[in-house]
Amino acid sequence: MKKRKERIDRGIKARSSDIFALLSWREMLYLAAPRLLPVIVCLLLPLLLGPYWQKVLLSVAVVALLAISWDILAQTGMVSLGQALFFGVGAYCSGAMNHYWGLSPVLTIPIASLLGGLICTLILLPVLRLRGIYFSMVTLIIPLILVRIVEATKIFGGTEGLSGMTPLPSTWFELYLSMAVLLAVLFGFRRMMDSDYGLVLKGINDNDRSVINAGINIYWFKAQSLFIAGAIGAFCGAFMTHVYMFVGMPVFALDYSILPIAAAVVGGPGTLAGATLGAFILVPMSEALRGFGGLRIVLYGVFLVVFIVALPEGIFHYIQRKYHQIERWVEVDK
Amino acid sequence: MLVGTTIYALINTAILALMAIGFNLTFGISGVANFAYGAFYVFAAYGIWGMLNLLHIPYLLAVLIAVLANLILGALIYRFVLLRVRGQALSEVIATFGIGLAILELFSYFGWVGFEYTLPVFMDRSFIIAGTYVDFQRLAILGFSAVLIACLWWFTHHTSIGLAFRGIAQDERTALTFGIDSDRIAMLSVSFGAGIAALAALFIIPLGSIAPGEGYDVLIKALAVCIIGGLGSTGGVIAASFIVGFAERFTDTYIGSHWTMIVSLAAILLVLTIKPSGLFGKQKELEERI
């Protein structure tokens, strides 16, 4: 007797999908819980953790933001293998402004975010027409080439880098700034991707030629998406420059490209929330495995392969399905 | 100096071509992404080193075992990983890159880095050609890569398996209607590519030493040659190796060693931007840009 798995929406999902959700607390909680949970976690975690794990939380936020930026690009049909480009450009922008002109972090971080996004968009503008794997290869190569250029021309301190940046006021400021930006970016851009504007972006990923057919200039939209993703990535770079009080060649390291992709793949691409969840799982895990030293990256590689092959939808989609639907085995009719 | 630079540029060309051929067979000719290629190269190098120095197996037997091990490893990776994500180009790239990352980082965790980690040269002699010292190993590389390219051309143009390799890249469904089992052919292509990586390591490693970082370098160089030359063309490999090989050596001599890598990376960027299918590529235009 053959069986198949049947998935049905839970009753509460059907009931709470329209205005009648307001009739009962239980249904309102069902709707609100998934949205409140990340907010509460993000606001409470800094209070509960010790100084060491607070630093880890900072890198969680940065990886989550980079993963969100990767996800926005991926949803527009541009899969980047070089988030380090965005991170590095932002880091060097704020670093240079702070080091040479002595601007305070209050100015450098926002300016570097916008300027970094703009520079990244301009760098990638010539390859906007490339599709799929060709675009990915270009993004993989650009950070590598920028590192060598910094090394060869000795601009911005060359191999030494620039140090002695103005630090941010306090650890609490760092923590809550990163958490606030993470929440704003997560909810804001989730909303954007659900709007008509986001629909155009997703359409470019699904079938770019039919979006052109609809009379929409896809290059303009792709450039906007690049700017958004670039600005988020550049913010991470600018922020970390002031946290570490240093900017140098490591900002273009492969880590900043691999980690966000791993987070997005493990968490589940296409939702932004999945990317955040992935960062909250992977980064602390990698800290816990610090004792293994170099083996951490081995584990990353293995994780990436296992998730791509065995659970390509990612953890978030899996949880979402369990939350909204019941599954049962039914017999297949003849 | 000019003559010497030219001779070494020629040898550099041969080294690049040798590094790229296996990758070209897998990715360029049959369109299966294998970004674990650099890891295969390093894996074979450490394998031969281990068998020679730890197990004291005779040289030829060690080489044979290493090549066979690579062939099998390639086939296994296709069967258990790539097969499941076949057709989704980016999943293929991420999955194979993940495997490569895991293998390379495992070796760097063992910390086998240093001058003692190298393979023996074939013959410890050097010759003077036009006033320049050239050792036998470099000449061997020159000869071997010429032979290997000729074999590759013959293989992909005059054998049924080789034609099938090109067939699945051009149109997989049409290839199926001609009775080509695309999964079997793709598995062979990954496996052969890995085998050639072992041979490349055997010839090139004696010039330096084995290091996990070498894996990333080999991958980038192979990628550069494949992209510049164009996917799906054997002549492209030769032309691209000449372009990158000469450009690297001449920048190294006349501008500075810092700029060597920049030149090859810039060449890839330029080609990707202007003609993504490469100088000699004959792929479908709409699939790469719009």
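So if each residue of separation counts as 0.36 nm, and I subtract the Cα-Cα distance between residue A:5 and residue A:313, what length gain in nm does that give?
The span from residue A:5 to residue A:313 would gain 109.1 nm if fully extended.
What FRET efficiency do you get for residue B:3 and residue A:255 if R0 is 60 Å and r is their Cβ-Cβ distance, rounded to the nearest 0.05?
0.85
May I ask you to order B:80-86, A:2-8 by the average number of other C-beta atoms within 10 Å around their residues, highest value first?
Order by mean packing, descending: B:80-86, A:2-8.
Just order A:160-173, A:139-152, A:39-52 by mean Cβ neighbour count inside 10 Å, highest at the front, would you?
Listed from highest to lowest mean packing, they are A:139-152, A:160-173, A:39-52.
Per residue of B:96-104, what is the mean number of Cβ atoms on other protein chains within 10 angstrom of that residue's Cβ?
Per residue, the average neighbour count from other chains is 6.
So for the stretch B:2-222, considering every pair of alpha-carbon atoms, how many percent are separated by more than 27 Å?
34 percent
Could I have the simple spin-label model distance between residue A:163 and residue B:83, label points 7 Å from Cα toward Cβ, reported in nm to one decimal?
Once both label points are built, they end up 5.4 nm from each other.
Between residue A:194 and residue B:171, what is the label-point separation in nm under the 7 Å Cα-to-beta-carbon projection?
4.4 nm
Run the paramagnetic zone check for residue B:161: 7 angstrom along Cα to Cβ, then residues of the stretch B:185-215 with backbone nitrogen under 17 Å.
B:185-199
What number results when the radius of gyration of the stretch B:121-220, computed over Cα atoms, is divided by 2.2 N^0.38 Å?
Against the compact-globule rule of thumb, the ratio is 1.43.
Once you have the Cα-Cα distance between residue A:326 and residue A:15, take 0.36 nm times their residue separation minus that, and quote the gain in nm to one decimal.
Residue separation times 0.36 nm, minus the Cα-Cα distance, leaves 110.5 nm.
Defining a contact as two alpha carbons under 8 Å apart and six or more residues distant in sequence, what relative contact order in percent does the stretch B:2-222 show?
Taking the mean separation of contacting Cα pairs over the length of the stretch B:2-222, I get 45 percent.
Using a simple spin-label model with points 7 Å from Cα along the Cα→Cβ vector, what separation in nm is obtained for residue B:127 and residue B:258?
For residue B:127 paired with residue B:258, the spin-label model returns 3.8 nm.
For a quick size check, give me the Cα extents of chain A along its three principal axes, largest first, whole Å.
Sorted from largest, the Cα extents of chain A read 72, 52, 42 Å.
Using helices alone, what [θ] at 222 nm do you get for chain A, with -39,500 (n - 2.57) per DSSP H run of 4 or more residues, divided over all residues and rounded to the nearest 500?
-24000 deg cm²/dmol
Take each of the peptides A:323-331, B:141-149, A:253-261, average the number of other beta-carbon atoms within 10 Å over its residues, and list them starting from the highest.
A:253-261, B:141-149, A:323-331
Averaged over peptide A:148-157, how many Cβ atoms belonging to another chain are found within 10 Å of each residue's Cβ?
Per residue, the number of nearby Cβ atoms from other chains is 3 on average.
Rg over Rh of the stretch A:23-81, using C-alpha atoms and the Kirkwood radius, what does it come to?
1.15
Would you mind telling me which residue in B:91, B:264, B:160 has the biggest mean-square fluctuation in a Gaussian network model of chain B, where springs connect alpha carbons within a distance under 10 angstrom?
The residue that fluctuates most here is B:160.
Taking K and R as +1 and D and E as -1, what net charge do the other residues with C-beta under 14 Å from the C-beta of residue A:189 add up to?
+1
Bin width 10 Å, alpha-carbon pairs only: give the P(r) of the protein assembly as shown as whole percents, running from 0 to the bin holding the largest distance.
3, 15, 24, 26, 18, 10, 3, 1, 0, 0
Shielding by partners for A:130-140, please: the mean number of other protein chain Cβ atoms within 10 Å of each residue's Cβ.
6
Just so you know, all these numbers are worked out from the coordinates, no wet-lab data involved. Because the structure is predicted, anything quoted here is derived from the model rather than measured. Neighbour counts are summed over all protein chains in view; Cβ atoms, including those assigned to glycine, are modelled from backbone coordinates with ideal geometry.
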